[in-house]
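First comes the structure, then the notes that go with it.
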Amino acid sequence: MNQTYLVPANSKKQSLIFGFLLPIDLAIICVAVGATFILLAILPVTELWGVVVTLLPAIVGAFLVFPIPNYHNSRILLLEVYRYFFKNRRRYIWRGWCYQYEQSDE
């Protein structure tokens, strides 16, 4: 018997919580929503500044765990941008795939 297996394309999503959350992402959104509920009980939400300050943790938490293409979520994208610009910036030289064959008809 050959015993080769075909792995489905979405097998990685099955290991995530709700199909798109890592455990750290779930913790981030739970802490953000919890902080929003605590601020909701403390601050007056009848004024505009109270509403903005109260909803700010939930909005920031939702922004961090929002899934985007080519990355897991925006938290991973921000982490990659930080690593590229501030931790280990590399110099990439691009010459193109046809560098040797340019203007060979002269």
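Throughout, read-outs are computed from the coordinates displayed, never taken from laboratory work. Every value quoted in this text rests on a predicted model; they were computed, and no experiment measured them. A quick note on method: Cβ atoms are made from the backbone with ideal geometry, for glycine too, and the neighbour counts reach across all protein chains shown.
Placing a label point 7 Å from the Cα of residue 77 along the Cα-to-Cβ direction, the residues of region 28-69 with a backbone N closer than 12 Å are 63-69.
Can you check what the net charge comes to around residue 61, using other residues whose Cβ is under 15 Å from the Cβ of residue 61 (Lys, Arg +1; Asp, Glu -1)?
Net charge around residue 61: 0.
Extension gain, residue 24-residue 68: 0.36 nm per intervening residue step, less the Cα-Cα distance, totals 14.2 nm.
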